[in-house]
1. Which residue out of Lys78, Lys70, Lys50 is farther than 25 Å from Pro129 by Cα, charged (D, E, K, R) and touching a residue at least 40 places away in the same chain (Cβ under 8 Å)?
2. Can you tell me which residues in the range 63-86 are surrounded by 14 or more Cβ atoms within 10 Å (Cβ to Cβ), within 18 Å of Ile138 (Cα to Cα) and in contact with a helix residue (DSSP H, G or I) (Cβ under 9 Å, 6 or more places away or on another chain)?
3. How many residues are among the acidic types (Asp, Glu), in a strand (DSSP E or B) and more than 21 Å from Glu229 (Cα to Cα) if we restrict to the range 77-129?
4. State yes or no: is Leu189 surrounded by fewer than 22 Cβ atoms within 10 Å (Cβ to Cβ), over 25 Å from the mean Cα position of the chain (by Cα) and farther than 19 Å from Asp265 by Cβ?
5. Quick one: Trp341 ticks every box in (1) under 15 Å from Phe309 (Cβ atoms); (2) within 26 Å of the chain's Cα centre (by Cα); (3) at pLDDT 95 or above bar one, so which box is it?
6. Of the conditions (1) closer than 29 Å to Gln511 by Cα; (2) surrounded by fewer than 17 Cβ atoms within 10 Å (Cβ to Cβ); (3) out of contact with any Lys or Arg (no Cβ under 7 Å at 6 or more places or on another chain); (4) without any contact (Cβ under 8 Å) to a residue 60 or more places away in the chain, Lys487 satisfies every one except a single condition; which number is it?
7. Would you check if there is a residue in the range 587-599 being within 29 Å of Phe668 (Cα to Cα), aliphatic (A, V, I, L, M) and either out of contact with any Pro (no Cβ under 9 Å at 6 or more places or on another chain) or in the same structural domain as Ala564 (by TED's automatic domain parsing) (or both)?
8. Inspect the range 31-47 for any residue being among the aliphatic types (A, V, I, L, M), surrounded by 23 or more Cβ atoms within 10 Å (Cβ to Cβ) and closer than 19 Å to Gly110 by Cβ and give the result as yes or no.
Amino acid sequence: MNQFLALTSFGIEQLLANEITEIGGSDVVQRPEGVYFSADFKTAYLICIKSRLASRVLISISEPSPVKDKDALYKAAKEIDWTEHFNSEDFFAVDFVGKNEHIRDSQFGGLTVKDAVVDCFRDAGLDRPSVEKYQPDIRIQARLLRNEVKFYIDFSGRALFQRGYREGTGAAPIKENLAAALVVRSGWLDDTSKPLVDPMCGSGTLLLEAVSMAAGISPGIDRQHWGFERWKHHQQGVFEQVLNEQKQISDKNLEQCTAKVFGFDIDGRVLKNAKANAKSAGLGHLVEFKQARAEELTNQFGKAGQILFNPPYGERLGTLPELVATFTELGKAFKQHFLDWNVGLITSSVEMLALLKLSAYKRYKFKNGPLDCQLALYHIDQQQLDRTPAQADFSGKENSAFANRLKKNVKAMKSWLKQNNVNCYRIYDADIPEYNVAVDVYGDHIVIFEYAPPKDIDETKAASRLQEVVYFAPRILNIETDKVSLKTRSKQKGKNQYQALSKSKKALTVQEYDALFKVNLWDYLDTGLFLDHRKTRRIVAKKSTGKSLLNLFAYTGSVSVQAALAGAEKVTTVDMSKTYLDWAQDNFELNKLRGHKYEFVQADCLQWLNENRTQYDVVFIDPPTFSNSKRMDKTFDVQRDHIDLLTIGMKSVADNGELVFTNNKRGFKMDFEALERLGLNAECLTEVTRDFDFKRNKHIHNSWVITRK
């Protein structure tokens, strides 16, 4: 009997142990690192061919050896006669797993073992074998556990879960061995005469694994390469006998299989892949695919059965708003159409499960790649239908305080929107403290900013309220869920103040009065247009008509655009970021503003002001609250440094000119005594510059006009 170790993914270990026992393995022991078992060669080949749950099978070729450092590891590896396992002309690779106080790096451990293997061949007077990292003839695995090392030969070869039938996949594919584990846990295999339905089938992996198991097909019968093929102790005759027997059994089982499974998906292109995969697997006659929305699924399958699916975690399905809407509607569909059915779904967005309004009778933890996931199992009985949700039911709009407030705001803003030519505005701004978000409309899109909740607020409640917001906001505002962007706002400092979220580089054009602006609702925390400064831009533009404007800390140049459209004679736009300066020039192009009188300067605004000798009729300064950018000589704090900023800023203001100064620091206090000593006046314009849609937030910004006495 030989000793083996079967590897698999987290959460599948117990199922794998059961599977190995059923196939014929003995002395089966489940451990965190995998499943140990004993078997003769015939049984070991059978396990490799029949296992649906293992990712790899290793055969032990040594007893454990104590290892504390590199020398001990080399000695342990050198004690094995590697010439008994493969030849000089074979390519080999070494995988090293584990670490201790002196061996902390898998590459270091692997190189040490590799040196010992090569030296073994040299000492035997043979040519040294070559290393091939990706497709070796022999793969060695050294496993260091509790300061003991054991050596294995990769018996099965890598990726047993790759069946070979997947010609194409969706955006969120699931590994075949995990799919098989979900089918086992669902309980459908207990009675495969019942229908099995996957309402989000993607490329069909779940269904193909299920129907293969129901048909009794061994997944390894068509595998092209095995780890043991070049191993000297491999028994080719025994293997061929086992393989041929399994091919005959699988063919016979497939002919007799009467199971039928059904797959649905909204994406027609993905369904083409699913059909091709089913055909490749020889299972096309047992699987029926149709294009449909999961939320609109009805019971067209006869007797009660099993629904099992893997929602795509937002990658193919979309963003959180789409997930919230989908999970909410799915829960209602299950209750309405699938009484007495079982439902199972795996998701990494565990908080979404509450939206189904169902009580799970069992949950299992798994890993899908790097994602921590849960498989939740439900039985749709009368108790589920009668169950009173512990949280607000999104299907009843009258039960949502947020929904009621948002509808009230929409009604209140109708006349203002008719009077003003704008299509981007704030419709909700933390009006109800429990729903601590802002909702901004950008044409036919919306952005939801989630403000970081206070530490004393329960995370579960905060998550539930956010789900409520993202469920109702697009419905009440008549916005499609794929046009909703969700961002989390917290206090940003320094280099994080314009935090990049992703790099989709998507853009949207919006209108403000007669101006067009490019906004990006996806890639950055800010969108490229500060909506609260809408009136500020109009005031500065009016002051700049027929005059010159200097726009500092210009961001995407929206103030400059409005001034140019209002007839400013000269506009100079200064910002330290090339990205935002390019964005500003794009905004000028959008509005067909071209010419030598429009100047764009990439520079540290404070340093540029110190060196500038040109004076302007109007200077606009909207600095960050705090900055410690690497390209600035020192940190900047608007409360601490505003007098220094205004002092150098006024040097660029022409006689009888004005400096408009704004900032977003909550509780900002102007130092009037310092201004008095400088001979300057400061007129507060905050109430004037705050537009109708920001009336609820008196701390959104501060605005001042600074002039000489």
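The values are calculated or read from the model by the stated rules, or taken from the named source; none is laboratory data. Everything numeric here is computed off the predicted structure, so don't read it as measured data. Cβ atoms come from the backbone with ideal geometry, glycine included; neighbour counts cover every protein chain shown.
1. Values: Lys78 fails: farther than 25 Å from Pro129 by Cα; Lys70 fails: farther than 25 Å from Pro129 by Cα.
Of Lys78, Lys70, Lys50, the one residue that is farther than 25 Å from Pro129 by Cα, charged (D, E, K, R) and touching a residue at least 40 places away in the same chain (Cβ under 8 Å) is Lys50.
2. Residues satisfying the conditions are Ala77, Lys78, Ile80, Trp82, Thr83.
3. Result for the range 77-129: 0.
4. yes
5. Going through (1) under 15 Å from Phe309 (Cβ atoms); (2) within 26 Å of the chain's Cα centre (by Cα); (3) at pLDDT 95 or above one by one, Trp341 breaks only (2).
6. Among (1) closer than 29 Å to Gln511 by Cα; (2) surrounded by fewer than 17 Cβ atoms within 10 Å (Cβ to Cβ); (3) out of contact with any Lys or Arg (no Cβ under 7 Å at 6 or more places or on another chain); (4) without any contact (Cβ under 8 Å) to a residue 60 or more places away in the chain, the lone unmet condition for Lys487 is (2).
7. no
8. Scanning the range 31-47, I find no residue that is among the aliphatic types (A, V, I, L, M), surrounded by 23 or more Cβ atoms within 10 Å (Cβ to Cβ) and closer than 19 Å to Gly110 by Cβ, so the answer is no.
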